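*Asks:* This is the structure I want to talk about, given as C-alpha cells.
Read the figures in this text as sums done on the coordinates, not as results from a lab. These numbers were taken from a predicted model, which means no experiment stands behind them. Here Cβ is always computed from backbone atoms with ideal geometry, including for glycine, and neighbour counts include all displayed protein chains.
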Amino acid sequence: MANSEIKVLYNQIFINNKFINSVSGNTFITLNPANKQKIADVAEGDKADVDLAVKAARAAFKIESEWRTIGATARGQLLLKLADLINDHKITLASLESLDNGKPYEDSLLDIDASISTLKYYAGFADKIHGKTIPTNEPYFSFTKPQPVGVVGQIIPWNYPILMLAWKWGPALASGCTLVLKPAEQTPLTSLYIAALSKEAGFPDGVINVVPGYGPTAGAAISRHPDINKVAFTGSTEVGKLIMQEAARSNMKRVTLELGGKSPLVIFDDFDVDEAASIARDAVFANMGQCCCAGTRTFVQEGIYEKFVEKAAKLASEMKVGNPFESETKVGPLVDEEQYNKVLGMIESGKKEGAKLEAGGSKVGDVGYFVRPTVFSNVTDDMRIAKEEIFGPVQQILKFKTIDEVIERSNNTEYGLAAGILTKNIDIALKFSESVDAGSVWVNCYEAVNPLCPFGGFKQSGLGRELGEDGLTGYLEIKTVSIKKLN
Ligand code: NAI
Ligand code: MG
C-alpha cells in the first residue's frame with residue numbers, strides 16, 4: 001500500500017476529550033521507516049500545549065470532579081471498556097503501529113494482546129487498593145489511605161508505542177490519577193487513536209490527554225512542569241537523568257524511570273545447544289533488537305561455544321528481513337535514521353575492534369532503514385559492542401568458563417535491567433539469580449515479561465517498577481490518618 005492511500009484519522013493534540021491543533025500551529029511529519037515516506041503531519045505540541053493539557057488534567061483531578069467521585073469500581077469498568085475497544089480496533093491499530101514503527105504486523109498484534117492484558121489486569125486492581133489499620137496506642141485510631149498521586153506526565157518511547165501506553169495508563173487510571181502522555185515523535189499515531197477510543201469508552205473530560213511533540217520541547221515541559229505530581233518515563237538513560245534533574249529542580253515531582261540495558265544471557269554447556277541458540281536469537285532479535293531488556297551479551301560456556309556460534313549464525317541468517325506486512329517477515333526496518341546510523345556505526349566498531357563477524361553485518365538496500373541480523377563472536381568485555389546499548393539486531397557472543405567468572409562479568413556494566421540463564425543445574429541457576437544485578441531474571445527462558453510481574457531496573461537501568469502490584473505504588477501517595485478518641 002502506498003502511504004498516499006492511507007487516511008490517518010487522528011493527528012491532532014488530544015485535550016479534554018477533543019482533538020485540537022497546537023497553539024503554535026506547527027506540525028511535524030511522521031514517516032514509515034520501511035520506505036521513508038510520510039504517513040501524516042501531526043500537530044506539534046510544545047510548552048503551551050502541555051500547559052493546556054495539565055490544566056485540563058488538574059481540573060479533572062479536583063476532589064469533587066466526576067473522575068474523583070465515580071468510585072473505584074467504575075474506574076475499573078472504564079479501563080475494561082477501553083481494553084475491549086482496543087480489541088475491537090485491533091486490526092487498524094496493528095496496521096498503524098507497523099506503519100509508524102516498522103515492526104512486523106504479527107508482532108504488533110502480540111503487543112496489542114499484551115496491552116489489553118495489562119489494562120485488564122489493572123482494571124481489576126482499581127477497587128482493590130487498600131490501606132491498613134494500625135494498632136497505635138490509645139487514644140488514637142490510625143489508618144492509611146493510598147491516594148492517587150495526582151496529575152501524571154508520561155513520556156514514552158517508540159519501540160513499543162501501544163504497549164508502553166498500556167503500561168503507563170493501566171496503573172495511573174486504576175489508581176485514579178489523571179494524565180498527560182507524550183508519545184515519541186517517531187510513533188505518535190497509535191496513542192492518538194487510543195485517545196479517541198478512551199473518549200468512546202467514557203473517560204470524563206481531562207482525565208486522559210495526549211500531546212505529541214519532541215523531547216526537548218514537549219517532553220521537557222512535562223518534566224519541569226510545576227503542576228505535575230509525577231513523571232513516568234521510558235527511554236534512554238541519558239534522558240532519564242535529565243528528567244530526574246528537571247523534576248528535582250522544579251517541584252520534586254515523583255519520578256519512575258525505565259531506561260537502557262545491556263542484559264546478559266548466560267548459557268551453560270549442560271543445556272541443549274539448539275534450544276539455547278533459538279532462545280538467544282529471540283532474546284536479542286525480537287523487535288529488531290529495539291528492546292530495553294534485549295539479551296545482547298550472550299555468554300556461552302566453553303564446552304558448547306563453537307557449536308553455539310555456528311547455530312546462532314545460521315538462525316540469524318535465516319531470519320527474513322523485509323516488508324512488515326508480509327507474514328514471513330521476522331525483521332522489519334529500524335525506527336528511524338538516527339537508530340539506523342547508530343546501529344550501523346556499532347557494527348563497524350565491532351568489526352574494527354576485532355570481533356568476528358559470523359552473520360549479517362550490513363544494511364539491506366536503501367529504501368528503508370533495514371539492517372541484517374548480525375552476529376559477532378570472539379567478543380571481549382572491553383569492546384564497545386559489549387559495553388554500550390546498541391538497540392538493534394546485533395548479537396554479541398562471549399566465551400566463559402565458570403559461574404563465578406560469568407557473574408562478575410554479567411554485573412560489570414552500569415545497567416541492570418534483566419538477565420537470563422540457561423542451565424539444568426538448579427544450584428547454578430539459584431546462585432546466578434541471587435547474585436546478578438537485574439530487575440528481572442529469567443531461568444531457562446528469556447523475556448518472560450508479564451503484566452502480573454514487576455519489571456524495572458537496578459543501577460542505571462531505572463528507578464521504581466512498572467507492572468504487577470509494585471507498578472501501582474508509583475502512582476499512589478500513602479496518607480496516614482490518626483483520629484483521637486475524645487472521651
Ligand atoms: P530518548 O530517551 O531520547 O526518547 C524517549 C522519549 O523521551 C521520547 O518520547 C522523546 O521525545 C523523549 N525525550 C527526549 N528528550 C527529552 C527531554 N530532554 N525531556 C523529556 N523527554 C525527552 O531515546 P531516543 O533518542 O529515541 O533513543 C536513543 C537511545 O535510547 C536508543 O538507541 C536506545 O539505546 C535508548 N532507548 C531505550 C528505550 C527503552 O525502552 N528503555 C526506548 C527508546 C530508546
Ligand atoms: Mg533522544
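*Asks:* Going by how many other beta carbons lie within 10 Å of each one, how would you line up 89, 130, fewest first?
*Replies:* Ascending Cβ contact count within 10 Å gives the list 130, 89.
*Asks:* How much of the DSSP bridge set in the chain is antiparallel, in percent, rounded to the nearest 5?
*Replies:* 40
*Asks:* Please tell me which of these pairs span more than 19 angstrom C-alpha to C-alpha: 18/199; 401/424; 262/307; 120/168?
*Replies:* From 18/199; 401/424; 262/307; 120/168, over 19 Å: 262/307.
*Asks:* Explain nothing, just the number: relative contact order of segment 264-450, from Cα pairs under 8 Å at least 6 residues apart, as a whole percent.
*Replies:* So the answer I get is 27 percent.
*Asks:* Figure the gain on full extension for residue 110 and residue 302 (residue separation times 0.36 nm, minus the Cα-Cα span) and round it to one decimal in nm.
*Replies:* Length gained between residue 110 and residue 302: 65.6 nm.
*Asks:* Let me check I've understood the local charge: for residue 474, count other residues with C-beta under 15 angstrom from its C-beta, Lys and Arg +1, Asp and Glu -1. What total comes out?
*Replies:* 0
*Asks:* For the charge dipole of segment 264-450, defined by +1 on Lys and Arg C-beta atoms and -1 on Asp and Glu C-beta atoms about the Cα centroid, which residue among 291, 417, 317 has the Cα displaced farthest towards the positive pole?
*Replies:* Final value for the positive-end residue is 317.
*Asks:* In terms of modelled amide H atoms, which long-range or inter-chain residues lie less than 5 Å from the amide H of residue 359?
*Replies:* 375
*Asks:* Sticking with this one: Please state the relative contact order of segment 239-296 as a whole percent: Cα pairs under 8 Å, 6+ residues apart?
*Replies:* About 38 percent, as a whole number.
*Asks:* Mind pulling the angle between the C-alpha long axis of helix 189-201 and the longest principal axis of the chain? Nearest 10 degrees, somewhere in 0 to 90.
*Replies:* Compared with the principal axis, the helix lies near 40 degrees.
*Asks:* Taking the alpha-carbon distance from residue 311 and a cut-off under 13 Å, which aspartates and glutamates remain once sequence neighbours fewer than 8 residues away in the same chain are dropped?
*Replies:* Reachable aspartates and glutamates: 272, 274, 275, 358.
*Asks:* Right, next: Just from the alpha-carbon atoms, what are the Rg and Dmax of the chain in angstroms?
*Replies:* Over the chain's Cα set, Rg and Dmax evaluate to 23.2, 83 Å.
*Asks:* Give the angle, between 0 and 90 degrees and rounded to the nearest 10, that separates the Cα long axis of helix 337-352 from the longest principal axis of the Cα atoms of the chain.
*Replies:* 30
*Asks:* Where does the chain land at 222 nm, in deg cm²/dmol rounded to the nearest 500, when only DSSP H runs of n ≥ 4 count, each adding -39500 (n - 2.57), divided by all residues?
*Replies:* -11500 deg cm²/dmol
*Asks:* Per-residue HN-Hα couplings for segment 99-105, Karplus 6.51 cos²θ - 1.76 cosθ + 1.60 at θ = phi - 60°, whole Hz, x for Gly and Pro?
*Replies:* Result, rounded to whole Hz: 5, 7, 9, x, 6, x, 3.
*Asks:* If the cut-off is 18 Å between C-alpha atoms, which aspartates and glutamates fall inside it for residue 330, apart from same-chain ones fewer than 8 positions away?
*Replies:* 97, 100, 106, 107, 111, 282, 318, 447
*Asks:* Taking only C-alpha pairs under 8 Å that are 6+ residues apart, what is the relative contact order of the chain in percent?
*Replies:* Result for the chain is 17 percent.
*Asks:* Give me 308, 233 ranked fewest to most by other Cβ atoms within 10 Å of their Cβ, as a rough exposure proxy.
*Replies:* Fewest-to-most Cβ neighbours within 10 Å comes out as 308, 233.
*Asks:* What FRET efficiency would be calculated for the residue pair residue 275, residue 62, taking the C-beta separation as r and a Förster radius of 56 Å, to the nearest 0.05?
*Replies:* It comes out at approximately 0.50.
*Asks:* Then there's this: Please give the charge dipole size of the chain, origin at the Cα centre, charges +1 on K and R Cβ atoms and -1 on D and E Cβ atoms. Round to the nearest 20 debye.
*Replies:* The dipole magnitude comes to about 1480 debye.
*Asks:* Moving on to the next point. Rounding to the nearest 20 debye, state how big the charge dipole of segment 264-450 is about its Cα centre with +1 on each Lys and Arg Cβ and -1 on each Asp and Glu Cβ.
*Replies:* That gives a dipole near 400 debye.
*Asks:* What pairs from 103/182; 38/352; 55/145 go past 28 Å between their alpha carbons?
*Replies:* Violating the 28 Å limit, Cα to Cα: 38/352.
*Asks:* Expressed as a whole number of Å, what is the distance separating the alpha-carbon centroids of segment 455-487 and segment 89-149?
*Replies:* 15
*Asks:* Post the alpha-carbon centroid distance, segment 19-88 to segment 187-266, in whole angstrom.
*Replies:* The distance from the Cα centre of segment 19-88 to that of segment 187-266 comes to 12 Å.
*Asks:* Based on the Cα gyration tensor of segment 109-181, what are the three equivalent ellipsoid semi-axes, each the root of five times an eigenvalue, rounded to whole Å and given largest first?
*Replies:* 33, 14, 8
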